[in-house]
Amino acid sequence: MAPDRAMYRWRQMTPEERREALDYRQRHHLPWHSPPHYEGGGCYLLTAACYEHQPVIGLSPERMAAFEQELLTEAASCSAELHCWVVLPNHYHFLARVPDPGVLLAALGQLHGRTSHRWNGEEQSRGRKVWYRAAETAMKSEAHFWATVNYVLHNPVRHGYVERWQDWPYSNAKRYLEAVGRDEVERRWREYPLLDYGDNWDPAEM
């Protein structure tokens, strides 16, 4: 099935299809991560996009769920703490406390190589360029950190896939809301607004 006829069309999926996607993801027990909390320096936003914005990750719910697991495994292996993440059909973001961002970028490069090879084989598209790049952004302050948490978890809403954070299966938004509580999440949203966060550099919009 072509990517633009599969997960990338989340907006057109029926409620039952969305529940099936969420059930599939939840059956693949992702590790628990504590709610994000700011501890000073060493935190980075890691972002990568598919080449020319193609929704290669989003071919199917199964691919989305499997890639989320692989991404979290790589992130956890090179990070002291993983604060929040989101995987979308053509890009991903995660915020982590990282001892050496160069090591993590190298690990992500290997992940991109493996997934490119596997997905191109599955789709009989050898030679296709799947990934565009991965980049890191250091958190400069507590305000920057919390605005980034809001940005990451709001991304599916920003791109029109869902109306509520917790409705997107491929992030830790639902766990974050359950752990922190709606009142505190809403306070952080008001205190650390997005404003123009992500404009002109979000890989889905490049």
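Structure above, values below:
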read-out: Top-ranked residue of the stretch 83-108 - restricted to ones that are closer than 26 Å to A143 by Cβ and of a type in the set (V, I, T), ranked as modelled with the lowest pLDDT; value: V98
read-out: Among residues of the stretch 120-145, those that are buried (at least 19 other Cβ atoms within 10 Å of the Cβ) and out of contact with any strand residue (DSSP E or B) (no Cβ under 8 Å at 6 or more places or on another chain), counted; value: 0
read-out: Residue list for the stretch 153-177, restricted to those being surrounded by 16 or more Cβ atoms within 10 Å (Cβ to Cβ) and of a type in the set (G, A, S); value: S171, A173
read-out: Criterion (under 22 Å from L95 (Cα atoms), modelled with pLDDT of 70 or more and within 15 Å of the chain's Cα centre (by Cα)) met by exactly one of A49, A80; value: A49
read-out: Residues satisfying the stated conditions in the stretch 113-162, i.e. assigned to a helix (DSSP H, G or I) and over 22 Å from H83 (Cβ atoms); value: G113, R114, T115, S116, H117, R118, W119, N120, G121, E122
read-out: Search result, residues across the stretch 35-46 that are more than 13 Å from the chain's Cα centre (by Cα) and either modelled with pLDDT of 90 or more or among the small types (G, A, S) (or both); value: G40, G41, G42, C43, Y44
read-out: Condition met for V103 (β-branched (V, I, T) and either surrounded by 14 or more Cβ atoms within 10 Å (Cβ to Cβ) or more than 28 Å from Y197 (Cβ to Cβ) (or both)); value: no
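The values are calculated or read from the model by the stated rules, or taken from the named source; none is laboratory data. Just so it is clear, the model here is predicted, and its values are computed rather than measured. When we count neighbours, we look across all protein chains shown, and the Cβ atoms used for this are built from the backbone with ideal geometry, even at glycine.
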